[in-house]
Amino acid sequence: MLLEEHATSENKYILPALEERAPGSSAHDEADHEALEQLQGNLLAQLEQLLDPGIPDQQARRLGYEFYQGLTQLHAAHLEHMFEEETATQALMWQHFNDEEMLQIHGQIIRSIPPEVMLAWMKYILPAQTPEERRQLLAGMQANAPAPFFRQVLGVAEKVLEYPAYAQLEAVFKTVEVSS
Ligand SMILES: [Fe+2]
């Protein structure tokens, strides 16, 4: 679900904007997204076969091994793709957009993500951020998202962060949580 959301958001909000200012610059990432989607689709089809209760043992072992290899390939391909995006694509964004424009695109992406998908993202994003990045992200959500949803996000933060990191957030956001 998260991998699909990644490609959909970029294909819809980032790559067309980049293509408009730097023609030809989005082709590589778009091709990557298609290749990754195909790898993931193949794996999901294999998984469905594997989960079939009637599958013969020998076939299950063979398919299981192929699935494991495919999963490794998908993982490696995603890391390579992310590296490309965080170096080449990011550099192009800095070259062709100012901070305000990038924040606008960021806002479009955030608003387009359904709440349940955003909560799933938070599980992985919050522990990976610096304290200041986390504070900024949560402040933005607090200002723009409904209070019950923001409380759910804080609930995820409490589960996934080590206590000192969560305590820092609690100190900043607790007063607002109580008053909302
Ligand atoms: Fe991507």
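Do we have any residue at all in segment 100-107 that's assigned by TED's automatic domain parsing to the domain that holds Leu3, surrounded by fewer than 11 Cβ atoms within 10 Å (Cβ to Cβ) and at pLDDT 95 or above?
Looking for residues that are assigned by TED's automatic domain parsing to the domain that holds Leu3, surrounded by fewer than 11 Cβ atoms within 10 Å (Cβ to Cβ) and at pLDDT 95 or above, one finds at least one in segment 100-107, hence yes.
Please verify whether Thr89 is polar (S, T, N, Q), in the same structural domain as Ala7 (by TED's automatic domain parsing) and within 16 Å of the ligand (Cβ to nearest atom), treating the condition exactly as stated.
yes
Select, from Pro53, Pro16, Pro23, the only residue that is modelled with pLDDT of 95 or more and in a loop (DSSP other than H, G, I, E, B).
Pro23
Whether any residue in segment 112-133 is surrounded by 13 or more Cβ atoms within 10 Å (Cβ to Cβ), closer than 20 Å to Tyr13 by Cα and modelled with pLDDT under 90 is what I want to check.
Within segment 112-133 (the criterion being surrounded by 13 or more Cβ atoms within 10 Å (Cβ to Cβ), closer than 20 Å to Tyr13 by Cα and modelled with pLDDT under 90), the answer is no, since none of the residues qualifies.
On the basis of being part of a helix (DSSP H, G or I), under 16 Å from the mean Cα position of the chain (by Cα) and among the aromatic types (Phe, Trp, Tyr), does Trp94 make the cut?
Numbers: part of a helix (DSSP H, G or I): yes; under 16 Å from the mean Cα position of the chain (by Cα): no; among the aromatic types (Phe, Trp, Tyr): yes.
Against the criterion (part of a helix (DSSP H, G or I), under 16 Å from the mean Cα position of the chain (by Cα) and among the aromatic types (Phe, Trp, Tyr)), Trp94 does not qualify.
Are any residues in segment 20-31 more than 22 Å from the chain's Cα centre (by Cα), surrounded by 12 or more Cβ atoms within 10 Å (Cβ to Cβ) and among the charged types (D, E, K, R), and if so, which ones?
Matches in segment 20-31: Arg21 only.
Evaluate the following for Glu34: is it surrounded by fewer than 16 Cβ atoms within 10 Å (Cβ to Cβ), near the ligand (Cβ under 10 Å from one of its atoms) and assigned by TED's automatic domain parsing to the domain that holds Ala88? Break it down into steps so the answer makes sense when it comes.
Values: surrounded by fewer than 16 Cβ atoms within 10 Å (Cβ to Cβ): yes; near the ligand (Cβ under 10 Å from one of its atoms): no; assigned by TED's automatic domain parsing to the domain that holds Ala88: yes.
No.
Suppose we filter Leu51, Leu15, Leu71, Leu44 for residues that are more than 12 Å from the ligand (Cβ to nearest atom) and surrounded by 14 or more Cβ atoms within 10 Å (Cβ to Cβ); which single one remains?
The match here is Leu71.
The values are calculated or read from the model by the stated rules, or taken from the named source; none is laboratory data. Since the structure is predicted, the reported quantities are computational estimates derived from the model, not experimental observations. Here the Cβ is made from the backbone with ideal geometry for all residues, glycine too, and neighbour counts use every protein chain on show.
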